[in-house]
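The values are calculated or read from the model by the stated rules, or taken from the named source; none is laboratory data. Keep in mind the model is a prediction, meaning the values are calculated, not measured. Cβ atoms come from the backbone with ideal geometry, glycine included; neighbour counts cover every protein chain shown.
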Amino acid sequence: MVRARIDLSAYGLQAPPLRLEIPGGGPQTVGEILDPFASEDPDREALVGRSRRYGYGDLDREVNRAARVLAELGVSPGDRVAVCLPNDVDIVVLFLAAMRLGAIWVGINRALAP
């Protein structure tokens, strides 16, 4: 697969030379949001859906597993990941996995998918 670099200046955009730190000392990206909870309280309930429940530790492992699968499929930072899933835990897992890879999430509303 050949990846073309997008010339942002052609769209009147400019990439920031460096991302500024978000104040407060917390996670700097959505992909890092689980890290402190998974290490400090892994058994605490994190996500409840119709099909499954995850503690923070289990959710962290599941997100890592999904991120590995996406990476094996060729997803890398800046790639778009389009997903159409029911509102349940799988959509959260895939969203967080895409964020960990630095991919761009493109959620597709199931009712509008056709």
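Within the range 33-69, the set of residues being touching a residue at least 40 places away in the same chain (Cβ under 8 Å), surrounded by fewer than 18 Cβ atoms within 10 Å (Cβ to Cβ) and under 14 Å from ALA98 (Cα atoms) comprises just one member, ILE33. Just for the range 15-41: of the residues that are not in a loop (DSSP other than H, G, I, E, B) and not small (Gly, Ala, Ser), which one is modelled with the lowest pLDDT? Going through the qualifying residues, I end up with VAL30.
In the range 74-87, the residues that are within 20 Å of THR29 (Cα to Cα) form no Cβ pair under 7 Å with any partner that is surrounded by fewer than 10 Cβ atoms within 10 Å (Cβ to Cβ) and basic (Lys, Arg), whether six or more places apart or across chains. Check whether at least one residue in the range 70-87 is in a helix (DSSP H, G or I), surrounded by 16 or more Cβ atoms within 10 Å (Cβ to Cβ), at pLDDT below 95 and not hydrophobic (A, V, I, L, M, F, W, C), and report yes or no. No - not one qualifying residue is present in the range 70-87.
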